[in-house]
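S.K.: One structure is given below, represented as structure tokens, and several questions about it will come after.
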Amino acid sequence: MADAKFDITDDHPIVAKGIKTAFGDNVVHENLDLEINKGEIVGVVGGSGTGKSVLLNTLLGLRKPDAGTVYIYGTPRGQLSEKERQALNNRVGVLFQGGALFSSLTVRENVMVPMREHSNLPVKLMRELADMKLHLVGLPPHAATLAPSDLSGGMRKRAGLARALALDPGLLFLDEPTAGLDPIGAAAFDQLILDLREALGLTVMMITHDLDSLYTICDRVAVLLDKRIAINDSLDKVTTDPNPWIQEYFGGPRSRAAAVAGNRGGLKESKK
Amino acid sequence: MSSSADIADKAFITKIENDRLVVEVLGRWTYETAGPIDKAMQNQIDSGGHEHVTFDLTRSEAIDTSGAYILARALKGRDGTISVFDTIGATEGQKKLLTAAADARNGEPPHNQRQWYDVITRLGEATVRGINEIYDTLAFIGRVVVVLFKSIVQPGRVRWRSVVSLIERVGLDAVPIIIVLSFFIGCVIAFMGAQLLATFGVQIFMVDLVGLAVLREFAVLIMAIMMAARSNSAFTASIGSMVMRQEVDAMTVIGLDTDGTLVAPRAMACLISAPILTGIAMVSGLIGGAVVANLVEDISFNTFFLRISTNIEIQHFWVGMIKAPVFAFIIAVIGCRQGLAVTGSVESLGQRTTSSVVQAIFAVIVLDAIFAMFFMEMNF
């Protein structure tokens, strides 16, 4: 098979070592290490302008790091041939911040794009699978034939997630998935990601500012601070870190409220 | 790699155990193998009257959403009797996946149905849209005229800085292309005139022909078409993307008048640039004609321009010049209006830019025809 080179059972689907990113003189990341365990949901937090989205782009291969290596399923990204990169992309799903749906296609066609490009499924089955994925992410059936511009922000995110899941990736990147959603929608989205993780065995890396998401669904929290990942551990350990920024981030009233809500039960109990 | 028929044959086994239908799932059920399996599944699964099915996943290697979907779809069976399923050897995740896939079968999305009279409906819609478009454009012209009058009364309120920078883009940057195009048009007219008039032996009249055609029509038309192509589309695109990013909404809320800040400077820049560009086009067109007259018919530059100044009356120059600001105004207004009419999608930005250029050139040519009739009646 085409993806023989990656070991998709690798315990760390993503490992970044010594990443350096700079825009001219402005160094965003230096000596950044990150390791993501298989089957975990990792939340990446950091202040505005600390380069969370840049890190995401680097991991996705949209941006070449100025130094360091990104290993995907044990293989350095730079060493992949065109064909291998293609096969790898089938294993990776991304939900961009605004959904990034193709505006000239209907929602269903959007979900069908990766299938059309990378599989030889019959068109009828593709259509049915697309509708199923839309159902899976909680969109009503009639959304399938709408144009992305007819959807609300939350629906667009769900549609974007359906497209990211089109080829059953093992690895899912989410860029602020709950930003701009109302609390009910955000909680439902969190639950959805938990369910999908369980059903599909996903490994998820999400950039988020949503404290509720951090407390309810993330197994680990990676803090982007001083140009590197300062700590990447379970939430309990992260919140007790003495670093003043981390203390301010997790010690604030919003965080305490989210912690109370998270401990009170809700989603975490449905986890194994 | 195994052939697709192979995959399908070895994908599953159905059997009856304890009066239950058991489907044993083998091998990989992923999107890579889903095509052939899908076919085999549709041909073979027959519930045989059973209401309960067991999916045995003990020997399956991999199953993803595509596989789960195909399995769950078989629940309906050929006769649609199966309604309950359970699993053997499935992980928690796989069970969830199957349940979700079975759920998904319940909601069928609507299919767009085409009717035979759709053509007529669309024709009607297009007509209404066209009429509305004309109405809106006329209303918008009115608004812009009011804004422009206001700026004459209160010149202090005009954003001169953006007017000047727009004049640079609309006017100055267009000078080279206008010179080149107009020069060639002058050449072409001179060539045609030379050939035609030589048959009567009155080649010298080609000078009059070039003079009349360039001054009255071509200089201003070249200017207008270039302005529609360069500036009008740019207006639509820039204002349209501002609408898309809610900049225009922000302006309105802050209390900036969008007509005054976005439309008026553009209209003014066009109004000021157009006569200058037309003048440049006239000179360049005449030079083009003179060069051809010199090369083809040996009419010296002196003779050419002397004849122009004695035979071509100044009114022809004015006919061209009067049209320039009118065309420019209409081009600017159409460009801005189309830009403001952009809605959220990228698609509509493209559509509006296209229709903006098309409408502008259309309007210019129609207006030119009206002007021609008007001047003819006036003996001008």
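The values are calculated or read from the model by the stated rules, or taken from the named source; none is laboratory data. Note that the coordinates shown come from a computational prediction; the quantities given were computed from them, not determined experimentally. Backbone-built Cβ (ideal geometry, glycine too); neighbour counts: all protein chains shown. Protein only, heavy atoms only, side chains kept; ligands, DNA and RNA dropped before computing areas. Shrake-Rupley method; radii C 1.70, N 1.55, O 1.52, S 1.80 Å.
S.K.: With all protein chains present and a 1.4 Å probe, how do B:Tyr31, A:Tyr249 order by accessible area, largest first?
M.R.: Reading off the accessible areas and sorting them downward yields A:Tyr249, B:Tyr31.
S.K.: While we're on this one: Sum up the charges of everything whose Cβ sits under 15 Å from the Cβ of B:Glu133, counting Lys and Arg as +1 and Asp and Glu as -1, but leave B:Glu133 out.
M.R.: Value of the local net charge: +1.
S.K.: Using the C-alpha atoms of chain A, what convex hull volume per residue, in cubic angstrom, is computed?
M.R.: Dividing the Cα hull volume of chain A by its residue count gives 135 Å³.
S.K.: Further, regarding this structure: Using alpha carbons only, how many angstrom separate the centre of the stretch B:310-375 from the centre of the stretch B:187-263?
M.R.: Going from one Cα centre to the other spans 7 Å.
S.K.: Would you mind working out the magnitude of the charge dipole of chain B relative to its Cα centre, with +1 at each Lys and Arg C-beta and -1 at each Asp and Glu C-beta, to the nearest 20 Debye?
M.R.: I would put it at about 1040 debye.
S.K.: Same structure again: Report, in debye and to the nearest 20, how large the dipole of the stretch A:23-165 comes out about its Cα centre when Lys and Arg carry +1 and Asp and Glu carry -1 on their Cβ.
M.R.: It comes to approximately 480 debye.
S.K.: What does the charge count near A:Val15 come to, summing +1 for each Lys or Arg and -1 for each Asp or Glu among other residues with Cβ under 11 Å from its Cβ?
M.R.: So the surrounding residues net to -2.
S.K.: A further question on this structure: At 20 °C and a viscosity of 1.002 mPa s, what translational diffusion coefficient does Stokes-Einstein give for the stretch B:155-377, taking Rh as the Kirkwood radius over Cα pairs? Give it in µm²/s as a whole number.
M.R.: 115 µm²/s
S.K.: Counting only protein chains, not ligands or nucleic acids, how are B:Ile287, B:Ile254, A:Ile36 ordered by accessible area (probe 1.4 Å), most first?
M.R.: Ranked from most to least accessible, the order is B:Ile254, B:Ile287, A:Ile36.
S.K.: Any chance you could list P(r) for the stretch A:23-141, counting all Cα-Cα pairs in 10 angstrom bins from zero, rounded to whole %?
M.R.: Values per bin, smallest distances first: 10, 33, 33, 20, 4, 0.
S.K.: While we're looking at this one, here's another question. Expressed as a fraction of 2.2 N^0.38 Å, the rule-of-thumb size for a compact globular protein of N residues, what is the C-alpha radius of gyration of chain B?
M.R.: Rg over 2.2 N^0.38 Å, computed on Cα atoms: 1.70.
S.K.: While we're looking at this one, here's another question. Can you give the calculated 222 nm mean residue ellipticity of chain B, where each DSSP H run of n ≥ 4 adds -39,500 (n - 2.57) and the sum is split over every residue, rounded to the nearest 500 deg cm²/dmol?
M.R.: Estimated from H runs of four or more residues: -22000 deg cm²/dmol.
S.K.: In chain B, with Lys and Arg counted as +1 and Asp and Glu as -1 at Cβ, which of these residues, B:Leu306, B:Ile189, B:Thr33, has the Cα nearest the positive end of the dipole, that is, farthest along it?
M.R.: Value computed over the given set: B:Leu306.
S.K.: Aspartates and glutamates within cross-link reach of A:Lys157: Cα-Cα under 15 Å, excluding same-chain residues under 8 positions apart?
M.R.: Leaving aside aspartates and glutamates fewer than 8 places away in the same chain, those within reach of A:Lys157 are A:Asp175, A:Glu176, A:Asp182, A:Asp190.
S.K.: Per residue of B:55-67, count partner chain C-beta atoms within 10 Å of its C-beta, then hand back the mean as an integer.
M.R.: Mean partner-chain Cβ count within 10 Å for B:55-67: 3.
S.K.: Right, next: Considering only the other residues whose Cβ falls under 12 Å of the Cβ of B:Leu340, what net charge follows from Lys and Arg at +1 and Asp and Glu at -1?
M.R.: Combined, the nearby Lys, Arg, Asp and Glu give 0.
S.K.: How much solvent-accessible surface does B:Val53 expose, in Å² to the nearest 10, with a 1.4 Å probe and all protein chains in place?
M.R.: B:Val53 has an accessible surface of roughly 0 Å² with all protein chains in place.
S.K.: Report Rg(Cα)/(2.2 N^0.38 Å) for the protein assembly as shown, keeping two decimals.
M.R.: Normalised by 2.2 N^0.38 Å, the Cα Rg of the protein assembly as shown equals 1.33.
S.K.: Length gain on complete extension for the stretch B:Glu92 to B:Ile322, per 0.36 nm per residue less the alpha carbon to alpha carbon distance?
M.R.: Going from the current span to full extension adds 74.8 nm.
S.K.: Rounded to the nearest 5, what % of the DSSP beta bridges within the protein assembly as shown are antiparallel ones?
M.R.: So the antiparallel bridges in the protein assembly as shown amount to around 45 percent.
S.K.: Moving on. Counting only pairs 8 or more residues apart or on different chains, how many lysine pairs in chain B have their Cα atoms under 18 Å apart?
M.R.: 4
S.K.: Can you sort B:His52, B:His316 by 1.4 Å-probe accessible area, starting with the largest?
M.R.: Final ranking, largest accessible area leading: B:His52, B:His316.
S.K.: So how much accessible area does B:Ser284 have, in Å² to the nearest 10, using a 1.4 Å probe?
M.R.: 10 Å²
S.K.: While we're on this one: In debye to the nearest 20, how big a dipole does the protein assembly as shown give about its Cα centre with +1 on each Lys and Arg Cβ and -1 on each Asp and Glu Cβ?
M.R.: 880 debye
S.K.: Counting other Cβ atoms within 10 Å, which chymotrypsin sites (Phe, Trp or Tyr not before Pro) in the stretch B:195-244 have at most 16 and lie in a DSSP loop?
M.R.: B:Phe200
S.K.: When DSSP beta bridges are limited to those with both residues in chain B, what percentage is antiparallel, rounded to the nearest 5?
M.R.: 35 percent
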